[in-house]
Every structure is written in C-alpha cells, then in structure tokens.
Amino acid sequence: MKVSLSQRIYFFTVSCCILFAVIVGSIVWSFQKVELAFSREHYTQKVANHANILKQLVTSDNIYASDYNADNWLKLQSKLMNLLKSAPELTPQQQIIQNSINSQNQSAKQLFSKMNENKLNDASESIKNHLKTRLMIQLEVIRADSVQLSNMVQKDIYDVVQRQALFIFILLAVSILILLYGSSRLSKVFKVSLSEVKNAFENNHSGNFQKIKLSNQSDEFDSIVTAFNLMNHKLSETMVSLAMMKNIVEDRTRVLEQLSNTDPLTKVANRRALFERGDLELSRTDRIHNNLTLILLDCDYFKNVNDVYGHQIGDELLKHICKICNKEIRSIDFLGRYGGEEFIIILPDCDVDGGIEIAKRIQNSLIKDCLIVEGKELNVTLSMGISMLIDESETFEQLINKADQAMYVAKENGRNRIEVSTSVSPV
C-alpha cells in the first residue's frame with residue numbers, strides 16, 4: 001500500500017504526541033509512587049517518635065502520684081491516634097503491622113486510663129509496677145512495630161526508585177529510537193523536494209517573482225508550488241514600496257502603543273503607563289533633585305452608585321471624575337487609573353502644599369460640576385492621600401503605598417478628606 005507524504009507526517013505527529021503523553025504519564029506515575037513511599041517512611045518515623053516520647057513520660061513521671069497531671073500524656077496519645085488514622089496507603093503486608101500498632105495503641109490508652117482513673121490507691125506497689133511495666137511493654141511494641149514498618153518501607157523505597165527509574169529509562173530509550181527512525185524517514189522524503197523549493201526561493205529573492213518549476217512532480221508539493229506561484233503573481237501586481245510599507249508600520253505601531261497605554265473606559269493612562277511614567281519621574285528627580293508629589297484618590301461609596309444607578313452610570317461617573325482631574329491639574333502632571341475607582345496623579349516639581357492645593361481644586365470642581373443623571377445631580381466625594389518623595393532610594397511602589405495609607409486614613413476619618421502621609425509634613 002502506497003503511503004502519501006501527508007499521511008507519513010500525520011502518523012509521525014500522532015506517534016510523537018502519544019509518546020510524549022506516555023512519557024509524561026509515566027513520570028507523573030513514578031513520582032506519585034516515590035512520593036507515596038517517602039510519605040510512608042515519614043509516617044513510620046513520626047509513629048516511632050511518638051511512642052518513644054510516651055515511654056519517656058511514663059518512665060520519668062510518677063503516674064500514681066496524687067498531683068500527677070496526665071494532660072501531657074493524653075494529649076500526645078491523642079496526637080498518636082490521629083496520626084494512625086491519617087496513615088498513607090500501605091501494602092497488605094505493611095497494613096498487618098499497621099493493624100498491630102492500632103491494636104496496641106488502643107490497649108495502651110485503655111490501660112493508662114484505668115491506671116490514672118483512681119491512681120490505684122488500694123493496690124499494692126507490685127501491682128502498680130506490674131501495670132506500669134505492662135504499659136511500657138505495649139509502648140515498646142508500638143515502637144518496635146514502627147521500626148519494623150520503617151525497615152519495610154525503606155526497602156520499598158529502594159525497590160520503587162529502582163523499578164521506576166528502569167521503567168523510565170527503557171521508555172525513553174524506546175521513544176528516542178522510534179523518533180529517530182521516523183524523523184530519518186521523513187527527512188529522506190523531504191530532502192529532494194525541499195532542495196528544489198529552496199533553490200527556487202533563492203533565485204526569487206531579488207524581487208523578480210518567478211514561478212517555481214519542479215523537475216520531479218509530487219502530489220504533496222503540487223499544492224505548495226501552486227500557492228507559491230499564485231502569491232508571486234499577486235505580489236508582482238500589488239507590490240508596495242518599502243518606504244510606504246515603513247510608514248504604514250510606524251503608524252500602526254503608534255496606534256498600538258497608544259492603545260496599550262490607555263485605559264479603555266476613562267481614556268486616561270492605564271496602570272502600565274502609570275508605572276512607566278512614575279519610574280521616569282523618579283529617574284528625573286534623582287538627576288535634578290526636584291520635588292515629586294503623588295495624589296491617590298478614591299471615589300467614596302462608589303459601590304453604592306453601582307448598586308443604585310447601575311454599572312453604566314458608574315462608568316460615566318469615573319469618566320466624569322477623570323474630566324474634572326484633567327481640568328484642574330497642570331500640563332506637566334500625569335493622571336492614570338490605578339485600579340477600580342482609584343486614580344493616581346503624579347505631580348513633578350511640586351511639594352506637599354502644592355499637592356494639597358491641587359487636591360482641593362479637584363474637590364471643589366467636583367462639587368460645582370457634578371454628574372447629571374436623569375435630570376438630577378449625582379453628588380459624590382473623593383478621599384485623597386498625598387505623599388512626597390523624601391528619600392531618593394524610595395521606589396515608585398513605596399511612594400504609592402504611602403499615599404494609599406494616607407487615603408485610608410481619610411476614609412477612616414469620615415471620607416471627603418485630604419490626608420498627607422505621616423512620613424511627610426506640609427511646608
């Protein structure tokens with residue numbers, strides 16, 4: 001049966017995808033196996049440690065004393081019980097030892113409860129010592145079972161790692177052989193035809209759009225040759241000069257840059273452009289040592305506006321606030337949307353007093369020129385926080401954080417306020 005070139009490519013691609021999926025699946029499966037083995041090891045170590053601590057408590061303390069406090073022992077025993085309940089998945093052989101540990105733990109708990117219930121005041125010392133020894137034996141059995149389980153788990157870890165590593169190695173070796181064989185077959189099929197196509201492109205690079213002529217016709221490359229020849233024909237008729245193409249690219253680039261730096265709703269600078277301008281002003285301040293002040297403003301009760309009037313009116317309100325801000329700030333100032341109903345104004349060559357003056361102008365202008373909704377005035381207020389660059393080592397993010405903290409102080413003090421960051425003082 002004759003297999004076409006497209007079918008060869010399809011089969012090779014599918015084979016690569018299947019091999020990749022099998023490799024990834026085997027790695028994930030192997031990782032899960034190894035992780036489970038290590039979780040078992042960690043679990044057995046914790047059980048053994050708990051048992052040792054319980055033994056030390058029984059040995060070091062007089063559990064029959066009238067003032068003996070059993071809370072520490074009971075708390076640790078409760079942790080051991082919870083640990084046994086959260087045991088990882090075990091093999092059947094390991095589960096047998098786990099069941100033994102559970103049984104011994106229950107017995108130890110019951111024995112300690114009886115010993116501690118009335119301190120065995122009426123019992124002789126030999127009985128007390130016998131019961132204490134019995135409790136120690138049960139705890140030692142738990143510890144010994146944990147050690148045995150740990151030894152089994154450690155051997156299991158070695159076996160799992162060895163088995164999974166061998167499996168992945170064999171799988172990778174087989175996959176590499178299959179991929180090398182498939183790629184060599186495809187390379188041989190492509191070699192002659194692609195060489196002729198390459199020669200045609202090299203002969204066509206000068207701008208003389210000529211047709212490709214293949215000495216050896218093939219069904220798979222006929223469509224490529226037809227499309228290439230048709231493209232050459234159209235390019236020869238509609239070729240645009242290099243200068244005109246350059247102008248078009250520059251125009252499109254300017255438009256894209258403007259779109260990428262503008263908030264689509266308010267048409268002011270977006271967060272990305274805001275941070276770029278902030279870093280630029282910081283660099284400028286470092287060079288000429290001028291003042292740099294920042295205002296962070298937030299529309300009070302903006303959520304209520306959305307809830308009462310709808311999100312469309314809320315959007316109109318944000319645009320109205322931006323219009324007011326642009327009217328009141330200077331030409332060298334920079335307004336950007338920080339997020340939600342929060343905006344930031346960067347004030348170069350401006351101290352705190354100048355920032356306060358601009359903030360008051362914005363508040364007063366918003367009162368005089370409020371948004372009209374259905375013939376009625378929609379009165380809103382702004383809470384503003386002001387910060388000024390004090391330390392030249394400060395970053396733009398730190399300057400924003402100081403203004404943000406001042407703005408939240410304005411919120412806490414009743415809103416419709418202007419607060420200055422505590423790290424600066426008005427001049």
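The values are calculated or read from the model by the stated rules, or taken from the named source; none is laboratory data. Please read all numbers here as calculations on a predicted model, not as lab measurements. All Cβ positions, glycine included, derive from the backbone under ideal geometry; neighbour counts span all protein chains shown. Only protein heavy atoms, including side chains, enter the accessible area calculation; ligands, DNA and RNA are left aside. Shrake-Rupley method; radii C 1.70, N 1.55, O 1.52, S 1.80 Å.
The Rg/Rh ratio of segment 314-427, with Rg taken over Cα atoms and Rh as the Kirkwood radius over Cα pairs, comes to 0.97. Note on residue 161/residue 181: beta-carbon distance plugged into 1/(1 + (r/R0)^6) with R0 of 41 Å gives a FRET efficiency of 0.85.
Of the cross-linked pairs 267/368; 368/402; 132/155; 319/411; 267/360, which ones have a Cα-Cα span greater than 27 Å in the structure shown? Check vs 27 Å cut-off fails for 368/402; 132/155. Counting protein heavy atoms only, segment 336-427 has 45 percent of its accessible area on carbon and sulfur, 1.4 angstrom probe. Using the Cβ-Cβ distance between residue 52 and residue 114 with R0 set to 25 Å, the FRET efficiency works out to roughly 0.65. Site pair residue 392 and residue 248 shows an inter-label distance of 5.0 nm when each label is modelled 7 Å from Cα along Cα→Cβ. With each label modelled as a point 7 angstrom along the Cα→C-beta vector, the residue 327-residue 172 pair spans 6.9 nm.
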